[in-house]
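Down below is the structure, laid out as structure tokens.
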Amino acid sequence: MTRVFSGIQPTGDLQLGNYLGAVRHWVEVQETADAIFCVVDLHALTFAQDPALFRAATIRKATELMAAGLDPDRCTIFVQSHVPAHAELAWLMECTAAFGELRRMTQFKEKSEGQDSVSAGVFAYPCLMAADILLYDTDEVPVGEDQRQHLELTRDLALRWNSRYGDTFVIPKPVIAGVAARVMDLQEPTAKMSKSRPNPQGRIDALDPPAEITRKIKRAVTDADGEVRYDRAAKPGVSNLLELLAVARNVSPQSAADHYSQYGPLKTDTAEAVVELLRPFQERFAALSGDPGYVREVLAKGAGKATAIAETVLRRARESIGLVPR
Ligand code: ATP
Ligand code: LTN
């Protein structure tokens, strides 16, 4: 059975980009693959967090994943820091990666640019991500387009390790969806929608009330030529709306465009489609948030299952690199 692994950071509410670019595909793949999903709390610590809020955010993210449709009977859901093997293999990956290749990572450049001080963790981030993936003999990693470069690095590190120390790791491949793999900011359609961008008007949170979703979409930045056409380079704002409408209706963005000659009706229908798309998520979230004990139970069970796999692979890695067995 194909092993699938992916991760999401606990900080920030689940936004439409996370849902369409990643989580929606996780919900599908749990039906056919041996799927493991991780709330990557250690990754979020690359920026200082308020401890109490951070703890709550981790539980909330797991709740959001379950509300989105991840079913603990069909997949494994756990918190990264509950499985210490991640931190241990990350160190071995840091010693495998070159300074130069980490410095070239776009996400590192974006997150460190213009900051007075950046943690060493921001730089080492992709090594921890590689460890996450390699620890589970992962075949496929469903992620949004922004993670492609990290996946390439993960493959390079695994290949390098295997050629230096002998066959140890499965070489994973990214699975990146065609439509809505990069949902753009509604106010600045040349930037990706992200939970850490300062302007909330450009982002749709999966828990936004319907009226707010509608308002944000109606105010989305488009362009001046007035023509409804799918062309991501020339018409990023309109094309982004067409992608949202297209995934909600399960058609292509090009054919979605055929039905419109004006931006107003396109926005009205897109808003309605997105509200309907998120409705089941919002209902399940309300039900689950009344039962945090259940979510914690799921995470404890998930950590147990994840540990069993991760420890076996870590042992293999320790042995191949020459650490004395403990
Ligand atoms: P940040 O921007 O603060 O780093 P994020 O919103 O990108 O956070 P992550 O936890 O880093 O959230 O990402 C979780 C998953 O969501 C990843 O697979 C990522 O590729 C995907 N994703 C995030 N934003 C988008 C987007 N705008 N479009 C499509 N996929 C996205
Ligand atoms: N870096 C990813 C989150 C992430 C991840 C992973 C994704 C951490 N570890 C392992 C897939 C597999 C992000 O910022 N979205």
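The values are calculated or read from the model by the stated rules, or taken from the named source; none is laboratory data. Nothing here was measured: the structure is a model prediction, and the numbers come from that model. We place every Cβ from the backbone using ideal geometry, glycine too, and count neighbours over all the protein chains shown. Calculation scope for accessible area: heavy atoms of the full protein, side chains included, ligands and nucleic acids excluded. Shrake-Rupley method; radii C 1.70, N 1.55, O 1.52, S 1.80 Å.
Quick look at the values:
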| quantity | calculated |
| --- | --- |
| P51 vs. criteria under 26 Å from A286 (Cα atoms), touching a residue at least 40 places away in the same chain (Cβ under 8 Å), open to solvent by 30 Å² or more (accessible area, probe 1.4 Å) and not charged (D, E, K, R) | no |
| Number of positions in the range 1-38 that are within 9 Å of ligand 1 (Cβ to nearest atom) and touching a Lys or Arg at 6+ places or on another chain (Cβ under 8 Å) | 11 |
| Qualifying residues in the range 98-156 (those that are touching a residue at least 24 places away in the same chain (Cβ under 8 Å), among the acidic types (D, E) and within 14 Å of ligand 1 (Cβ to nearest atom)) - the one farthest from A44 (Cα to Cα) | E140 |
| A33, sole failed condition from (1) more than 23 Å from A300 (Cα to Cα); (2) open to solvent by less than 50 Å² (accessible area, probe 1.4 Å); (3) over 14 Å from the mean Cα position of the chain (by Cα) | (1) |
| Evaluation of E212 against (1) in contact (Cβ under 8 Å) with a residue 40 or more places away in the chain; (2) away from ligand 2 (no atom under 13 Å from the Cβ); (3) under 28 Å from L245 (Cα atoms); (4) open to solvent by 30 Å² or more (accessible area, probe 1.4 Å) (one fails), failing number | (1) |
| Qualifying position, being open to solvent by 10 Å² or more (accessible area, probe 1.4 Å) and within 15 Å of ligand 1 (Cβ to nearest atom), among R229, R197, R219 | R197 |
| Test: residue in the range 303-318 that is of a type in the set (A, V, I, L, M, F, W, C), part of a helix (DSSP H, G or I) and surrounded by fewer than 12 Cβ atoms within 10 Å (Cβ to Cβ) | yes |
| Members of the range 136-155 that are within 8 Å of ligand 2 (Cβ to nearest atom) and open to solvent by 50 Å² or more (accessible area, probe 1.4 Å) | D146 |
| Residue that is out of contact with any Ser or Thr (no Cβ under 7 Å at 6 or more places or on another chain) and either of a type outside the set (D, E) or outside the structural domain of M105 (by TED's automatic domain parsing) (or both), where the choices are T222, T168 | T222 |
| Which listed residue, of V27, V39, is in contact (Cβ under 8 Å) with a residue 40 or more places away in the chain and open to solvent by less than 10 Å² (accessible area, probe 1.4 Å) | V39 |
| Candidates A246, A211, A256, A180 - the one that is within 22 Å of the chain's Cα centre (by Cα), closer than 21 Å to L278 by Cβ, among the small types (G, A, S) and assigned to a helix (DSSP H, G or I) | A246 |
| Residues of the range 156-179 classified as away from ligand 2 (no atom under 15 Å from the Cβ) and open to solvent by less than 60 Å² (accessible area, probe 1.4 Å), total | 5 |
| Residues located in the range 7-20, provided they are near ligand 2 (Cβ under 9 Å from one of its atoms) and either at pLDDT below 95 or crowded, with 24+ Cβ neighbours inside 10 Å (or both) | N18 |
